[in-house]
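Reading through the structure tokens given below for one structure.
The values are calculated or read from the model by the stated rules, or taken from the named source; none is laboratory data. Since the model is a prediction, treat every value here as computed from it, not as a measurement. Note that we place each Cβ from the backbone using ideal geometry, even for glycine, and neighbour counts take in every protein chain shown. Protein only, heavy atoms only, side chains kept; ligands, DNA and RNA dropped before computing areas. Shrake-Rupley method; radii C 1.70, N 1.55, O 1.52, S 1.80 Å.
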Amino acid sequence: VGRDADLVVLDADKTFRVEPAMIHHRHKLTPYSGRTLRGVVERTYLRGRKIYERGQFSEKPSGVMLKRGGA
């Protein structure tokens, strides 16, 4: 009670074909390109706020940069 939650709403029965244009990484190379996979993320909630819905991100990234090492 009173805590934020991270949650993913998944449709485990849906399938999709992996295409480089749909990848949200700097490098579009993936061994899954062209393959059909099962399980589609419908929505994602981060700390209780919706950040993703059906292929669209809701806002700018809200993460915090973590620095390694000492001071």
Do you know which residues across the stretch 14-43 are of a type in the set (S, T, Y) and either at positive phi or in contact with a Ser or Thr (Cβ under 9 Å, 6 or more places away or on another chain) (or both)?
-> T15, T36
Return only the number of the condition from (1) in a strand (DSSP E or B); (2) out of contact with any strand residue (DSSP E or B) (no Cβ under 6 Å at 6 or more places or on another chain); (3) surrounded by 10 or more Cβ atoms within 10 Å (Cβ to Cβ) that G34 does not satisfy.
-> (1)
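Every residue, every condition in (1) open to solvent by less than 100 Å² (accessible area, probe 1.4 Å); (2) in contact (Cβ under 8 Å) with a residue 40 or more places away in the chain, yes or no:
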position	(1), (2)
R17	no, no
G39	yes, no
L46	yes, yes
S58	yes, no
K67	no, no
Flagged in the stretch 19-55 as among the hydrophobic types (A, V, I, L, M, F, W, C) and either at pLDDT 95 or above or under 14 Å from the mean Cα position of the chain (by Cα) (or both), in numbering order, are M22, I23, L37, V40, V41, L46, I51
